[in-house]
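Undergrad: Below you will find the structure I want to go over with you.
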Amino acid sequence: MYLFLIQHGKTIPKDKDPERPLNIQGKKHTKRAASFLRSHGFLVEEIWHSDKLRAKQTAEIIGKKLFCKNIKERDDLGPLDPVKKIADQVQKQDENLMISGHLPFLEKLAAQLLTGVQKKPIVKFQNSGIVCLEKDKDWSLVWSVIPNII
């Protein structure tokens, strides 16, 4: 089972739009990330995203490219939400899953899954960048890509 963690794309500044939707570059980079996944044969059965517009737009762009119709908004994926509950739920998943979210949540979730503690980030995220974890017996970091190299 693969878990793909993607930090939402770059956004319009809060002073211009408090909803902070993706800007042109954010959409472009997210489409590039989605194309990368598709061209390498990665599929997801489900995408979870926070209730923030930027995470939703990121999830929808990826979902469209990967033909994933099971996109779920969750109220427990915010930037400062605790990660333990999500980590426990992810542990029970058998099918590929993507989470579209925010920092520091994604950093803490990756650390929790990989090391059992979330205090120190061990994976660097960037807007529209993807971190791929794999669950076998334990979790492993398989790869990470950022828009500038895909």
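Undergrad: Taking the stated definitions as given, is G63 surrounded by 14 or more Cβ atoms within 10 Å (Cβ to Cβ) and not hydrophobic (A, V, I, L, M, F, W, C)?
TA: On the way: surrounded by 14 or more Cβ atoms within 10 Å (Cβ to Cβ): yes; not hydrophobic (A, V, I, L, M, F, W, C): yes.
Answer is yes for this residue.
Undergrad: May I pose another question? Residues of the range 96-149 being acidic (D, E), under 28 Å from L53 (Cβ atoms) and touching a strand residue (DSSP E or B) at 6+ places or on another chain (Cβ under 6 Å), which ones?
TA: At the first step, the residues of the range 96-149 found to be acidic (D, E) are 107, 134, 136, 138.
In the following step, the residues that additionally are under 28 Å from L53 (Cβ atoms) were identified as 107.
Selection gives nothing.
Undergrad: Looking at the range 112-133, I want the residues that are among the charged types (D, E, K, R) and have a partner that is surrounded by fewer than 21 Cβ atoms within 10 Å (Cβ to Cβ) and not in a helix (DSSP H, G or I) with Cβ atoms under 8 Å, at least 6 apart or on another chain. Which pairs are those?
TA: K124/S144
Undergrad: Just to check your reading of the model, which residue among K92, K52, K84 is among the charged types (D, E, K, R) and closer than 19 Å to I12 by Cβ?
TA: K52
Undergrad: It is to be established whether one or more residues within the range 82-97 are buried (at least 16 other Cβ atoms within 10 Å of the Cβ) and either touching a His at 6+ places or on another chain (Cβ under 9 Å) or over 19 Å from W139 (Cβ atoms) (or both).
TA: The answer is no; no qualifying residue exists.
Undergrad: Could we say that L53 is farther than 23 Å from L141 by Cα, out of contact with any helix residue (DSSP H, G or I) (no Cβ under 7 Å at 6 or more places or on another chain), aliphatic (A, V, I, L, M) and surrounded by 16 or more Cβ atoms within 10 Å (Cβ to Cβ) here?
TA: Spelling it out, L53 is indeed farther than 23 Å from L141 by Cα, out of contact with any helix residue (DSSP H, G or I) (no Cβ under 7 Å at 6 or more places or on another chain), aliphatic (A, V, I, L, M) and surrounded by 16 or more Cβ atoms within 10 Å (Cβ to Cβ).
Undergrad: Another one. Hey, can you tell me all the residues within the range 114-130 that are out of contact with any helix residue (DSSP H, G or I) (no Cβ under 6 Å at 6 or more places or on another chain), not hydroxyl-bearing (S, T, Y) and not in a loop (DSSP other than H, G, I, E, B)?
TA: L114, N127
Undergrad: Test F67 against the stated conditions and say whether it is among the aromatic types (F, W, Y), part of a helix (DSSP H, G or I) and over 13 Å from the mean Cα position of the chain (by Cα).
TA: Here the answer is no, as F67 does not meet what is asked.
Undergrad: A further question on this structure: May I ask you to verify whether E95 is more than 13 Å from the chain's Cα centre (by Cα) and assigned to a strand (DSSP E or B)?
TA: no
Undergrad: I need the full set of residues from the range 1-43 which are out of contact with any Gly (no Cβ under 8 Å at 6 or more places or on another chain) and under 23 Å from I86 (Cβ atoms), in order please.
TA: Across the range 1-43, the qualifying residues are M1, Y2, L3, F4, R20, A34, L37, F42, L43.
No lab work stands behind these numbers, since they all come straight from the coordinates. All of these numbers come straight from a predicted model, not from anything done at the bench. Positions of Cβ are backbone-derived with ideal geometry, glycine not excepted, and every protein chain shown enters the neighbour counts.
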